[in-house]
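Before any comments, here is the structure.
Bear in mind that the values in this text are calculations on the coordinates, not laboratory data. Predicted model only: the values in this text are computed from it and were never measured. Cβ: placed from backbone, ideal geometry, glycine included. Neighbour counts: every protein chain shown.
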């Protein structure tokens, strides 16, 4: 009996090519390939929430600090993310190379950032319950 093509068993004998380390330029969820990542400089952010309203699948306002953060790189289209960048009143959102993200994150972790809206001494205000009104 003649074979029409190569023996399928050869697939199990062929060595695998070494896997390349991730570069950050791989297609993300469905093949969308973006050349740059989005980064929020939280030290500059004023917590206006514009970006989160425009591109809510990409940006979130971090609850403890009140500043915006890029939660997902693949959350919204490039056009929608650019619209969010354009709405930022303090220009704290930037396109950066994927390779810069770990360095930027490390720099942010080293900065002392105060939560927005808190007194300068850093303590949270405690809201006391209202006294019950006397019964008529």
**Message:** Based on the alpha carbons, how large is the Rg to Rh ratio for the range 40-110 when Rh follows Kirkwood?
**Reply:** 0.93
**Asked** In what sequence, highest mean first, do 105-111, 60-66 appear when ranked by Cβ atoms within 10 angstrom?
**Response** 60-66, 105-111
**Item:** Virtual paramagnetic centre 7 Å along Cα→Cβ of residue 114, amide N under 16 Å, in the range 43-76
**Value:** 43-47, 65-67
**Message:** At 0.36 nm per residue, and after removing the present C-alpha to C-alpha distance, how many nm does the segment from residue 105 to residue 49 gain when stretched out fully?
**Reply:** 18.1 nm
